[in-house]
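Everything below concerns the one structure shown next.
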Amino acid sequence: MRIDFSKFLRILYTEKTKFNPINDIRQILNGFHETNERGRYINREELIRILTRCGERMAREEVEYALRRIGFEYEKIPVEEFIININAKTSMAMHP
């Protein structure tokens, strides 16, 4: 079976949009965040609980190490800033 290039691109786009971990993370965090005058944030312990119990589970030490590496050592973590940092680190890891 042969497919033309435009059909190949449509298939590729469809497959790529099926799995978007950044959007998945954003959707998960939307259910847990709080809002203050600075915007949306998630409590550090709540984020650690989510990452150690949901999906591809991480050890608590891994989560704490990752949060330190991206500069989130405070109690309330800004949701969008967290997502932006994860996206940047993921992109750098995939495209060194």
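Please compute the modelled spin-label separation between Arg57 and Thr14, points set 7 Å along Cα→Cβ, answer in nm with one decimal.
In this crude label model, Thr14 to Arg57 measures out at 3.5 nm.
What order do you get for 75-87, 49-61 when each peptide is scored by the mean count of other beta carbon atoms within 10 Å, highest first?
75-87, 49-61
Between Asn23 and Ile83, with labels modelled 7 Å along Cα→Cβ, what's the label distance in nm to one decimal, could you check?
Calculated label separation equals 1.2 nm.
Where a number appears in this text, it was derived from the coordinates with a stated rule and is not lab data. Please read these numbers as outputs of a predicted model, since none were measured by experiment. Neighbour counts are summed over all protein chains in view; Cβ atoms, including those assigned to glycine, are modelled from backbone coordinates with ideal geometry.
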